[in-house]
Amino acid sequence: MSTEPPARPESPAPRARSGTLGRGSPRTGGEPVTARSAVRLRLLLSWIFLPVFMAAAACFALWAAGSGPGDSPGRAVLVTIAAICAIIAFLAAVNLSVLVGRLRRERGAGD
């Protein structure tokens, strides 16, 4: 029998970051080597749904502005739907800007 203490488990690889949101994490071995993000699909969906939800927010806001006290749906419901559409449009715009920045960074790194 050996009297040596058991070996300590290895600590995970340090996660070095190139920036606040930058990539640069070394592989830890848990993710597939060929893993890819659907960046182009996210870009396409953001380009499609940003104007759709902006127009929907504007339409619901105009409908809410023109609705009377006895109308159905009520003004509060229409304002809520307009706000939800505006939030989704904002998220699509943020996603679009992040993706465009990521694609520019990747193109710049290849040059």
Exercise. Keeping to the stretch 53-74, report how many residues are in a helix (DSSP H, G or I) and surrounded by 14 or more Cβ atoms within 10 Å (Cβ to Cβ).
Key: 10
Quiz prompt | the stretch 75-111: number of residues that are without any contact (Cβ under 8 Å) to a residue 40 or more places away in the chain, within 22 Å of the chain's Cα centre (by Cα), open to solvent by 70 Å² or more (accessible area, probe 1.4 Å) and farther than 30 Å from F60 by Cβ | solution = 4
Quiz item: Given the residues R36, R8, which is the only one that is assigned to a loop (DSSP other than H, G, I, E, B), within 20 Å of the chain's Cα centre (by Cα) and either surrounded by 14 or more Cβ atoms within 10 Å (Cβ to Cβ) or modelled with pLDDT under 95 (or both)?
Solution: R36
Quiz item: Any residue in the stretch 12-20 that is touching a Lys or Arg at 6+ places or on another chain (Cβ under 6 Å) and at pLDDT below 90?
Solution: no
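The values are calculated or read from the model by the stated rules, or taken from the named source; none is laboratory data. Being a predicted model, the structure only gives us computed values, none of them experimental. Heads up, the Cβs are rebuilt from the backbone with ideal geometry, glycines too, and the neighbour counts pull from every protein chain shown. To get the accessible areas, we keep the full protein, side chains included, count just its heavy atoms, and leave off ligands, DNA and RNA. Shrake-Rupley method; radii C 1.70, N 1.55, O 1.52, S 1.80 Å.
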